[in-house]
Amino acid sequence: MNRTTLSVGQVRRLLEGAAKARIVVLGDVILDQFVWGRVTRISPEAPVPVVDFDRESFIPGGAANVARNLANLNVTTEILGVVGQDDAAHTLRKLLTQNKIGCSGLLSLPGRITSIKTRIVAHQQQVVRVDRETRGDISGPMLKRLLRQLEKTLDGADALILGDYAKGVITQPLLDVVSKLCRERGIWLSLDPKPLHSLDLSGVSLLTPNRKEAFELAGMTDNGRHDSPAQDANLLLVADKLFVDYAPALLLITLGEQGMLLCQREQKPFHIPTVAQEVFDVSGAGDTVIASFTLAVVLGASPIEAAIFSNHAAGVVVGKVGTATVHAQELIDSFNGQR
């Protein structure tokens, strides 16, 4: 088989093997609230649409959405993070349990607000988003509790995914210990970085920034993209700098409608064009990418095969409205061209 392709048979074998994997997710958990309605008029009070309420729904978001993506592919999944002592935390734990995600590692911190993102959606289009959250870094006793819980949870794990959404869980003291624990145990470590706070990301197995985040991490200015990402001189310079600065084993830069660019040290970057046919909502697409790529790698896929696998997974979720995940049959259908 050509190493730059992935057959439907291989996809089926990966999905069948997912039940044997155990992956831990640690990071900023969020409760995504969706308020669905219809717009039929403009407010007389201001030039804004009036949304007639229809229904609301709640979905695990942030690092919890990474965990949900894994669980929906039949992976044994544990989530660790910090929540408040509020109704949102109760709702989030209930949803995670319903999704068969272990959430004993979600620790309550008095005085902290569980992050909630409320999206108002009318006619399949997002009108506005309201965020309620605490962004302060966790430290002291709570940091020690979380790291103790992680050390226990990592026993028997194949991989750890860090979901950094700049809400205060992923800090340098935590990252230092996490890197050491994974290195000692030979556990794959994936990280979706957020350049909003400066961290030493050295030595992780996989970094998955989008284009904007990659340029910010490298401290470089994006002067415009090339039609062919593999020939985009600025983007390739950014990738080189990230390898020098952070030395990841793999760098996967997501490029929206241009797909992805997989970079490996001393190898030619590999561009994977998007397979998305329709894009309704990109919410959570990055969560799907890091979850599916990590799963494929720990099940024995090559980096290129894992990138192709995750590209198809992302292509499925952007065709849905809301914080979506991909299911096994949808992935098989995508590789069969049945979308």
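Quick notes on this structure:
- 5 angstrom amide H check on Gly62, placed H, neighbours 5+ away: Ile30
- Listed residue pairs exceeding 31 Å between alpha carbons, taken from Lys241/Lys320; Lys117/Lys268; Lys117/Lys212: Lys241/Lys320; Lys117/Lys268
- Taking amide H positions as modeled 1.01 Å from N, with prolines and chain starts lacking one, the residues under 5 Å from Leu107 and 5 or more places away or on another chain are Gly81, Val82, Val83.
- Remark: the Cα gyration tensor places the range 92-234 in the oblate category, a/c being 1.5 or greater and a/b not exceeding b/c.
- In loop segments of the range 193-293 as defined by DSSP, the trypsin sites (Lys or Arg not before Pro) with at most 14 further C-beta atoms inside 10 Å of their C-beta are Arg225, Arg265.
- Only helices reaching 15 angstrom along their own axis (Cα) with mean Kyte-Doolittle hydropathy no lower than 1.6 count here, and for the DSSP H runs of the chain these are 285-298.
- Restricting the range 1-97 to GluC sites (Glu not before Pro) in coil, as DSSP defines it, with at most 13 other Cβ within 10 Å: Glu45
- Extension gain for Thr91 to Asp131 (0.36 nm times residue separation, less C-alpha to C-alpha distance): 12.7 nm.
- Each Lys or Arg adds one and each Asp or Glu takes one away; over the other residues whose Cβ falls under 9 Å from the Cβ of Leu235, this sums to 0.
- Bridging of Lys152 to lysines at a Cα separation below 29 Å is possible for Lys20, Lys94, Lys100, Lys144, Lys167, Lys180, Lys194, once same-chain residues fewer than 8 apart are set aside.
- Amide N proximity, the range 20-34 versus Ala166 label position 7 Å along Cα-to-Cβ, cut-off under 17 Å: 28-30
- Within a Gaussian network of the chain (alpha carbon springs, distance under 10 Å), most fluctuating of Thr288, Thr274, Thr325: Thr274
- Secondary-structure-derived ellipticity at 222 nm for the chain, considering helices only, amounts to -11000 deg cm²/dmol, per-run term -39500 (n - 2.57) for DSSP H runs with n ≥ 4.
- Binned Cα-Cα distance frequencies in the range 8-328 - 10 Å width, integer %: 6, 26, 35, 24, 8, 1, 0
- Per-residue ³J(HN,Hα) for the range 49-54, Karplus 6.51 cos²θ - 1.76 cosθ + 1.60, θ = phi - 60°, Hz, x for Gly and Pro: x, 9, 9, 7, 5, 10
Read-outs throughout are calculated quantities, based only on the coordinates presented, and are distinct from any laboratory measurement. Fair warning: this is a prediction, and the values are worked out from it, not measured in the lab. For neighbour counting, all protein chains shown are included, and Cβ atoms are generated from backbone atoms with ideal geometry for every residue, glycine included.
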